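Everything on this sheet refers to the single structure shown next.
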Amino acid sequence: MQNQNVILPAGQLDANGTTLILEANGDLGSVDEVGNILTKVEGLSGFVRLKDLMTVRRGYVDPATKPVYFNAQPAIMVSVEMSDSEDIQQIGKRLQASVAAFEQKQPIGISYTFSTYQETNVTVSINNALSNVAQTFVVVVLVLLIFLGLRASMIIACIVPFTVMFALAGMRFLEIDLQQISIAAVIISLGLLVDNGLVVVEDIQRRIGEGDDPKQAALTAGKQFFTPLGVASITTVSAFVPMLILVGTEGEFAFSLGAVVGVMLLGSWLTAMYILPAMSVWFARTNATKSAGRQGFLVRLYGTVVASSLMFAPLIILLTYGAVVGSMTLFAGVKKEMFPLAERAEYLIYLDMPKGTSINRTKQEALAVEKWLLDKKVNPEVRDTTVFVGDGGPRFYLALNPADANPASAFILVNTNEFAGAVSGAKRAQDYLLENHPAARFKVKRLSMGGGESGIVEIEISGPDAEKLLDMAQKVELGFAQIPGIVQNENDWGNKSLKMVINIAQDKARELGVTSEDISNIMNTFFSGTIYSTYREGTESIPIVVRAGEAFRDSLEDLANLSISAGGRLISLDQIATFQPRLEYSQLRRENQVRTIKIFGKSDLLAANQVVDLLQPTLDGLQLGEDYKLNVGGETENSSKVNNLLLGGMPAALGIMLAALMFQFNSVRRVLLTFMTIPLVVIGAPIALLATDEPLSFFAILGMISLAGIIINNAIVLIDQIDIEWQTLPLKEAVVEASTKRVTPILLTSLTTILGLMPMAINGGALFEPMATLMIGGLAVSSLLTLFFVPGGYFMLFGGFSISRS
């Protein structure tokens, strides 16, 4: 076959001045020609045709290397990825149209459908986020209406559309797409940007109420707050600097959040300085009552309490920092989580058969599971299923890491009609698999947001001895098994696989004229098949494989009875060889050239840090020795790395804050007092998380950083007002007067931010609910404390006690 099926150059012929290129062609033109090849067989005279010795047929690779099934039907998967410059919603529409056109051209029985369709998920996420924006805006306007009246609230509310337009222009310049993170940044910014407008408009109204001309009141307020609000905006934005320099997947999330908030605050400051004063002149009332008459009972009561509390300023500061320390200890009881599970209407099933399992056996197991999943009586929420056998499928989601190709593994994607069905269906599938498929190891998961899997704990042990590593890994797996709610417990080496070693009697083989190489080639051809030639059909090249029939290669007896041609006669393999089964490692992994085994564990009841705490006694009991190292990775390690990166950006953030504050105050004591307010963000945050059972997630940490900017903003405006009042009043009276003037803007800003975050805290999804909850709890407590902490600190730092004594 090899000698005939060739197309070779045969030289050139000069025929009457024309050069003819010669080609010797023995090309096989059809499958029948393959079967009609003549050959000689030892022991038979003459020639016989190949088809008389074996069956010649055209077929598919058997077994299939990576078969795919959609709803139990054989399928071909096409993965489409959008380029960065495109819009997923527009791409989705074009894909829908293209698929419909393809299907119309195909024969009956061939259908096209989407296994996973990102456009739907993106649209749902954006619509939910935009709904939260609308709800937040309505809440903010209602709060302003209640406390400031129609005209003032409408003037302040105008800052939102102007700022959003400014932000959209900035997002386009920074190449930030409209996605749920950037929309969430708009929600967070709404309370912050209202602060600038509230401070300016409230001060203008107060001055008009005191009898000033509206235009003069607007000019005076604008001049007074131009620098303080500008510096306050800079310090708030600088709190987001660590997010802007964060790298990796987390950096992609954080950059959008920090950059959009920064652009929004810049637009808010410009609007508050140049647009709102003009609108206040045009629309503000000119017959307002005097400020003293407008101050309500609560403001006067607050002024009385502040005046009384100044003499106890050291005690107030001491108690405040005591509350900070106490709140930090409460964080130990808060669940830790980098990113939550994605709220997508789908879940995943990973199937792992024992190492060495054939792909056909793996396919049978996977299709049996798929059949159960498609049973509408049992799983009415399932819309469709996709099964990848021997492969992990395409990476259709950022946090999805497809499994390595392995004949003993399969991956099943289950789409449900709605998100709630994915949650209940995953739990039902987990119970079914444990009870009905004991031969396989399964992992039932939902996708995680972010760059890594949520809740995973990874124990990494490295050292020279493979047996000792595997022994320690099994002890760790036993430790994981004792932890409540464990749904994943495995190592990346897997079980040992069975290998059959054929020990050939070399002397006897030589006597018969065969070698180990001859026997290996015969065995490989018989059981696995050998490519002897290629069948060419147009531009396609199809390998011609010679292999024994399936009925002759499916048992150990077939191995022992394998015929070997030796010395002019046929002998069975067991006449010149013995068979020795042996267990060996199916795979050994190394990191930095050192053998390393990783054990993975996950609980659906406990967070990763809680699992690590319960596993610690098992880890402490391992006798490592000096040549072995142990590392705890997974979500806890990723969280630690991200936190360290955020901390690494803090010096730059603090440096910008320091420069801005020194420009504003030119006073070490005032800058010190401003920085002293930063720890106040800790108070209230853990209480809110514990009360709502929300985790301290990556976005919750970002929320705490943004809280620092809000508190500093309030402190700057209050300190600046005290400085102004001190020019005409004694220190104590100046502190009290400034505090009463600024209490309304500070409380209204905090209230609008808190109530504006409520929609996100209630219905913001698992990604944003922890952040909104933390910000609400932290802001509610820290804003109230700031109203007493800053006046008391100012009074103490600037000699209030010595003045009082004198």
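The values are calculated or read from the model by the stated rules, or taken from the named source; none is laboratory data. Since the structure is predicted, the reported quantities are computational estimates derived from the model, not experimental observations. FYI the Cβ positions are ideal-geometry reconstructions off the backbone, even for glycines, and counts take in every protein chain you see.
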Search region 71-84 for residues that are free of Cβ contacts under 8 Å to residues at least 60 places away in the same chain and pair each with any residue that is among the hydrophobic types (A, V, I, L, M, F, W, C) when their beta-carbon atoms are under 6 Å apart and the residues are at least 6 apart or on different chains. MET82/ILE88; MET82/ILE91
Taking region 608-651 and keeping residues polar (S, T, N, Q) and within 24 Å of GLY463 (Cα to Cα) leaves GLN616, THR618, GLN623, ASN631, THR636, ASN638
Failed item in (1) in contact (Cβ under 8 Å) with a residue 12 or more places away in the chain; (2) more than 13 Å from VAL281 (Cβ to Cβ); (3) basic (Lys, Arg), with ARG172 passing the rest: (1)
Looking at ARG553, ARG547, ARG569, can you tell me which residue is surrounded by 15 or more Cβ atoms within 10 Å (Cβ to Cβ), farther than 30 Å from PRO464 by Cβ and free of Cβ contacts under 8 Å to residues at least 24 places away in the same chain? ARG547
Which listed residue, of ILE461, ILE483, ILE531, ILE502, is within 42 Å of the chain's Cα centre (by Cα), part of a strand (DSSP E or B), among the β-branched types (Val, Ile, Thr) and at pLDDT 85 or above: ILE461
Taking the stated definitions as given, is LEU434 in contact (Cβ under 8 Å) with a residue 12 or more places away in the chain, of a type in the set (A, V, I, L, M) and surrounded by fewer than 22 Cβ atoms within 10 Å (Cβ to Cβ)? no
Looking at THR386, is it of a type in the set (S, T, N, Q), over 30 Å from GLU737 (Cβ atoms), over 24 Å from the mean Cα position of the chain (by Cα) and not in a loop (DSSP other than H, G, I, E, B)? no
Out of THR744, THR773, I need the residue that is in the same structural domain as SER308 (by TED's automatic domain parsing) and either in contact with a Gly (Cβ under 8 Å, 6 or more places away or on another chain) or modelled with pLDDT of 90 or more (or both). Which one? THR773
Tell me, please, whether a residue that is more than 30 Å from LEU767 (Cα to Cα) and hydrophobic (A, V, I, L, M, F, W, C) can be found in region 477-496. yes
What number of residues within region 572-602 are among the basic types (Lys, Arg) and free of Cβ contacts under 8 Å to residues at least 60 places away in the same chain? 1
For region 241-281, what are the residues that are more than 23 Å from the chain's Cα centre (by Cα), of a type outside the set (S, T, N, Q) and closer than 20 Å to GLY703 by Cβ? GLY262, VAL263, MET264, LEU265
If you take the residues in region 592-613 that are assigned to a strand (DSSP E or B) and either among the aliphatic types (A, V, I, L, M) or under 20 Å from the mean Cα position of the chain (by Cα) (or both), which one is farthest from SER697 (Cα to Cα)? VAL594
Which pairs have Cβ atoms under 8 Å, sit 6 or more apart or on different chains, and link a residue in region 402-413 that is more than 11 Å from ASP352 (Cα to Cα) and without any contact (Cβ under 8 Å) to a residue 12 or more places away in the chain to one that is in a strand (DSSP E or B) and aromatic (Phe, Trp, Tyr)? PRO402/PHE411
Got at least one residue in region 38-52 being at pLDDT below 85, closer than 24 Å to GLU537 by Cβ and outside the structural domain of GLU537 (by TED's automatic domain parsing)? no
Identify, from the list ASP27, ASP32, ASP62, the residue that is in contact (Cβ under 8 Å) with a residue 40 or more places away in the chain and more than 21 Å from LEU570 (Cα to Cα). ASP27
Restricting to region 131-152, name every residue that is crowded, with 20+ Cβ neighbours inside 10 Å and over 27 Å from SER182 (Cβ atoms). ALA152
Among GLY293, GLY322, the single one that is surrounded by fewer than 16 Cβ atoms within 10 Å (Cβ to Cβ), modelled with pLDDT under 85 and not hydroxyl-bearing (Ser, Thr, Tyr) is GLY293
Across region 760-778, which residue is farthest from ALA323 (Cα to Cα) among those that are in contact (Cβ under 8 Å) with a residue 40 or more places away in the chain and among the β-branched types (Val, Ile, Thr)? THR773
Given the conditions (1) at pLDDT 85 or above; (2) under 34 Å from the mean Cα position of the chain (by Cα); (3) among the small types (Gly, Ala, Ser), which single one is not true for ALA129? (1)
Scan region 103-126 for residues that are part of a helix (DSSP H, G or I) and surrounded by 11 or more Cβ atoms within 10 Å (Cβ to Cβ) and report the count. 10
Identify the residue in region 475-492 that is touching a helix residue (DSSP H, G or I) at 6+ places or on another chain (Cβ under 9 Å) and either assigned by TED's automatic domain parsing to the domain that holds LEU559 or among the aliphatic types (A, V, I, L, M) (or both) and, among all such residues, is surrounded by the most Cβ atoms within 10 Å (Cβ to Cβ). VAL476
